[in-house]
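Peer 1: Dropping a structure here in structure tokens format, bear with me for questions.
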Amino acid sequence: MTISGQLNTWNGLLAFAKFFATKPMLSSGVLALTVLGMLTESLGLLLLVPLLGTLTGNGENTDISEVFQRIWDWFGIQPSLTGILAIFLGLMLMRAFVRLGKDWASVKLSTALIDDLRHEALVALMQAEWRWFSAHKRSDQTNMLLTEVQRVGVGIQASLTLIATVAAIFAYWVVAIGIEPFLTICVTVVGALLVAVLAGQRRKSILLGIDQSKVNRSLHENALESFGALKVVKILGGENDHIVSFNQAVGDLRRNQVQFAVQSGRSREVFQFAGALLVAGYIFLGVSVWQIAISQLLVLVFIFARLVPMLTSAQQFLHYLLNALPSLTEAQAAIQNAREAAEPQQFNAPALISFEKTIDLQHVSVCFQLQDVPALSDVTLRLPKGSKTVITGPSGSGKSTLADVLMGLLIPDEGKMLLDDTELAGVDRINWRRSVSYIPQDVVLYNGTVRENILRGRPNASDSDVLTALQAASADFVQALPNGWNTRIGDGAQGLSGGEKQRIALARGLLRNPALLVLDEVTSALDPANEAHIIDSVKAMSGGTTIVILGHRTGFMKIADQMIHLNAGRIVPRQEFE
């Protein structure tokens, strides 16, 4: 069954009710204050009957008046205009404080729910297995974290307002029942039929919500593609194509929003007109047929005149809730899927995993969904401690997959990875990554100082350790920057050359004192001078760091202790693919 087939008004209300139940204390507080507000509203309205009877002075004897008279008698109070007005104002003041408290609690509840949902989504994504994470679009994950969760917030606000509105409607309805039961029930039946007639409009709100989620994903995908490859876009002269594509997605979003506004407005106007008819009929029947006492009739007219916009608002907020329902469903499904793909979690202090002799892969195979052939097939190799290994092969040969297995990111579908004859599995695989450094071709540097970027490798490192790492990475140029290693670099480090970025990243990796260092095509985009700096740095490394280099650079081949050649996921003699 499709998502649209699973969503309707009732399970939409149930979904948000379950969502609120994740914050039982705050939700209970909001509900209690809503009920208290409803009671003060009801009592205030009921007091209007004896108040109007006192004002008219005609001594109308109604059921409501008799009830209040018994209450006055029980408390030994002699009712008067001043006394009734004082009680009425007291109730209204109490209602004001209750509503203020409810507003505060509602904001606390709403923000807590949204913050928790976004936090849960982020944690689930960050803790998911790399295989699962890499199989999903980054734009979809970003859209879910930012836009869809924010739309859930709109649904939460609509839900809270709907609850308050329904409570007020119920309060008015109880008062109307107490004054004139038969006519109130007749009006209730007509109102229920009207709500049933508009079921199709509520269904459309859900469908428009599903469409809006699709458009939001398209917007994020377009934006990430445009800015992620802006240099290539500019070189190819494709700016206008991306602008047109983005504007089309925005146009789809706006059409969706207009359609939602129109169909919500249509429901509003139907309710408004039907409500006017009910009020007119109520007055006519009350005066001409039932001959209701004037004090009661005035209160009833007031109640139903207030009920019409309340019912309209309730319908509107229900539409907003249902429109946001696909976002809630999608976010919760994404969180659940990510949790099902979660890595093993360690609740104690993580242990530092290392080895003394070798890293071994034994008959390792890795298969990805939607791929006809394995990314790795029956790979067996040995990396002695402190050795330098170059892994070469054509694009798609499995080099990156092999590196992901060595770094503990991927679990082999067949075979195993050993550290000194001990299989790396479970939480040890996660801890092993603390002993690994990875330097990709496209270096990631963060907005901050050079020193702050390097310290991400080991936050508790001393300045002496940072300096040693910079020297080991041949990154002495840092001292010549305007403020040395305290020089701020913007997002993406646009002020640095490719070689400078690589050497800063290498210093960050070396600061960890890694047992395994993986260099992924690190010099493929560098000029000979910068490439020589990196190669010299790697050549000078000695001791316990085992180095794996992905790529075909001749300089690395000259310093390698061994070379591994991959083709179609298998280790083969190099001449087979040359």
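The values are calculated or read from the model by the stated rules, or taken from the named source; none is laboratory data. Keep in mind that this is a model prediction, so the values were computed, not measured. Methodologically, a virtual Cβ is constructed for each residue, glycine included, from the backbone with ideal geometry; neighbour enumeration extends over all protein chains shown. Surface areas here come from the heavy atoms of the whole protein model, side chains and all, with no ligands, DNA or RNA. Shrake-Rupley method; radii C 1.70, N 1.55, O 1.52, S 1.80 Å.
Peer 1: Only one residue in V299, V262, V279 is open to solvent by less than 90 Å² (accessible area, probe 1.4 Å), modelled with pLDDT of 75 or more and either out of contact with any Gly (no Cβ under 8 Å at 6 or more places or on another chain) or of a type outside the set (A, V, I, L, M) (or both). Which one?
Peer 2: V262
Peer 1: Looking at region 304-333 only, could you name the residues that are open to solvent by 30 Å² or more (accessible area, probe 1.4 Å) and over 28 Å from A171 (Cα atoms)?
Peer 2: Correct list: T329, E330, Q332, A333.
Peer 1: Right, A171: at pLDDT below 90, among the aliphatic types (A, V, I, L, M), closer than 27 Å to F20 by Cβ and more than 35 Å from the chain's Cα centre (by Cα) or not?
Peer 2: yes
Peer 1: Another question, if that's okay. Just the residues that are more than 30 Å from L419 (Cβ to Cβ) and either modelled with pLDDT under 75 or among the β-branched types (V, I, T) (or both), please, taken from region 515-528.
Peer 2: If the condition is that a residue be more than 30 Å from L419 (Cβ to Cβ) and either modelled with pLDDT under 75 or among the β-branched types (V, I, T) (or both), then A525, L526, D527 are the ones that fit.
Peer 1: Any chance you could count how many residues in region 445-492 are under 29 Å from K539 (Cβ atoms) and more than 35 Å from the chain's Cα centre (by Cα)?
Peer 2: Total meeting the criteria: 22.
Peer 1: Given the options L113, L81, name the one that is more than 20 Å from M38 (Cα to Cα) and at pLDDT 90 or above.
Peer 2: Being more than 20 Å from M38 (Cα to Cα) and at pLDDT 90 or above holds for just one of L113, L81, which is L113.
Peer 1: Still on this structure, I have one more. Which condition does V373 not pass, out of (1) part of a strand (DSSP E or B); (2) out of contact with any helix residue (DSSP H, G or I) (no Cβ under 9 Å at 6 or more places or on another chain), if it passes all the others?
Peer 2: Unmet for V373, out of (1) part of a strand (DSSP E or B); (2) out of contact with any helix residue (DSSP H, G or I) (no Cβ under 9 Å at 6 or more places or on another chain): (1).
Peer 1: From D442, D463, grab the single residue that is without any contact (Cβ under 8 Å) to a residue 24 or more places away in the chain, over 19 Å from L409 (Cα atoms), out of contact with any His (no Cβ under 9 Å at 6 or more places or on another chain) and charged (D, E, K, R).
Peer 2: Unique residue meeting the criteria: D463.
Peer 1: So, of the residues in region 445-460 that are within 13 Å of I504 (Cα to Cα) and free of Cβ contacts under 8 Å to residues at least 40 places away in the same chain, which turns out to be least open to solvent (accessible area, probe 1.4 Å)?
Peer 2: Checking each candidate, the answer is R451.
Peer 1: In the set L455, L470, L445, which member is at pLDDT 90 or above and among the aliphatic types (A, V, I, L, M)?
Peer 2: It is L455.
Peer 1: Right, here's the next one. So, D103, is that one part of a helix (DSSP H, G or I), closer than 30 Å to L410 by Cβ and open to solvent by 20 Å² or more (accessible area, probe 1.4 Å) or not?
Peer 2: No.
Peer 1: How many of the residues making up region 484-500 are open to solvent by 30 Å² or more (accessible area, probe 1.4 Å) and at pLDDT 85 or above?
Peer 2: Adding up the residues that qualify gives 3.
Peer 1: All but one of (1) part of a loop (DSSP other than H, G, I, E, B); (2) surrounded by fewer than 14 Cβ atoms within 10 Å (Cβ to Cβ); (3) β-branched (V, I, T) hold for T380; which doesn't?
Peer 2: T380 satisfies all of (1) part of a loop (DSSP other than H, G, I, E, B); (2) surrounded by fewer than 14 Cβ atoms within 10 Å (Cβ to Cβ); (3) β-branched (V, I, T) except (1).
Peer 1: Go through (1) in a helix (DSSP H, G or I); (2) polar (S, T, N, Q); (3) free of Cβ contacts under 8 Å to residues at least 60 places away in the same chain and name the single condition T401 misses.
Peer 2: The number of the failed condition is (3).
Peer 1: Answer yes if at least one residue in region 203-222 is at pLDDT 75 or above and more than 22 Å from G155 (Cα to Cα), and no otherwise.
Peer 2: yes
Peer 1: Can you tell me which residue in region 120-132 is nearest to N323 (Cα to Cα), limited to those that are free of Cβ contacts under 8 Å to residues at least 60 places away in the same chain and of a type outside the set (V, I, T)?
Peer 2: Looking at residues that are free of Cβ contacts under 8 Å to residues at least 60 places away in the same chain and of a type outside the set (V, I, T), I get L122.
Peer 1: Counting only residues that are hydrophobic (A, V, I, L, M, F, W, C) and surrounded by 18 or more Cβ atoms within 10 Å (Cβ to Cβ), give me the helices (runs of 4 or more DSSP H) lying completely in region 106-219 with at least 3 of them.
Peer 2: So the answer is 149-179.
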